[in-house]
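First comes the structure, then the notes that go with it.
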Amino acid sequence: AGMVSWWSADGHASDIEDGNDGTLQNDAGFTQGPNDLVGRAFSLDPNGTYCSSDPGITQCSNDAQCPSAGYCTGPYVWVPDSPTLDPGADSFSIDAWVKPTNTSGTHYVVTKYECGLSCPLTARSEYLLFVESGNAYFTLRDSDDNVQRIPSPSNPPPQAEVASGSWHHLVGVRDVAG
């Protein structure tokens with residue numbers, strides 16, 4: 001299998017590979033990318049946070065400030081659920097260029113749940129690429145509910161460190177062949 005999707009951020013959130021087009025949410029925008037190969041990038045600077053249940057509330061610091069069981073979120077690119085983005089039982093990789101302005105706490109770069117946001121309680125598989133407390137992580141939970149978090153949060157390798165204000169190429173890999 002080859003590339004499934006690519007969001008180039010060249011002034012749009014379209015998938016230039018497969019049609020899994022995204023839309024910008026909560027003041028997401030575009031900025032200069034890290035190099036000539038990756039010329040543009042999404043700007044997801046959390047200059048304001050929004051309540052998912054009421055986009056008119058633009059300053060929230062926790063979920064309790066959002067009405068109707070909403071949650072507090074910053075800018076992001078929304079890509080609708082698609083079976084082509086599900087990894088199944090095969091090998092796959094995801095990657096992203098990031099230049100964080102803050103590396104404290106947890107910042108999700110890519111998240112995918114097997115059924116989008118309408119998951120039944122029996123849903124199991126997911127993958128996440130994120131930065132937590134200055135380290136990069138890739139988490140995969142398969143349909144058997146086996147969780148793999150790479151690297152282990154108790155012993156992150158030095159190359160997983162992510163610094164504020166610098167570009168980093170994050171890659172999560174699942175290799176079922178070995």
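The values are calculated or read from the model by the stated rules, or taken from the named source; none is laboratory data. Everything numeric in this text was worked out from a predicted model, so none of it was measured. Backbone-built Cβ (ideal geometry, glycine too); neighbour counts: all protein chains shown. Note: areas computed on protein heavy atoms with side chains; ligands, DNA, RNA excluded. Shrake-Rupley method; radii C 1.70, N 1.55, O 1.52, S 1.80 Å.
Being farther than 22 Å from PRO83 by Cβ, in a loop (DSSP other than H, G, I, E, B) and open to solvent by less than 40 Å² (accessible area, probe 1.4 Å) is the filter here; which residues of region 1-33 pass it?
Of everything in region 1-33, those that are farther than 22 Å from PRO83 by Cβ, in a loop (DSSP other than H, G, I, E, B) and open to solvent by less than 40 Å² (accessible area, probe 1.4 Å) turn out to be SER8, ALA9, ASN26, ALA28, GLY33.
Of everything in region 73-107, what is assigned to a strand (DSSP E or B), among the β-branched types (Val, Ile, Thr) and more than 19 Å from GLY33 (Cβ to Cβ)? Give them in sequence order.
Matches in region 73-107: THR73, THR106.
Restricting the search to region 81-133, which residues are modelled with pLDDT of 75 or more, among the β-branched types (Val, Ile, Thr) and more than 10 Å from the chain's Cα centre (by Cα)?
THR84, VAL98, THR101, THR103, THR106
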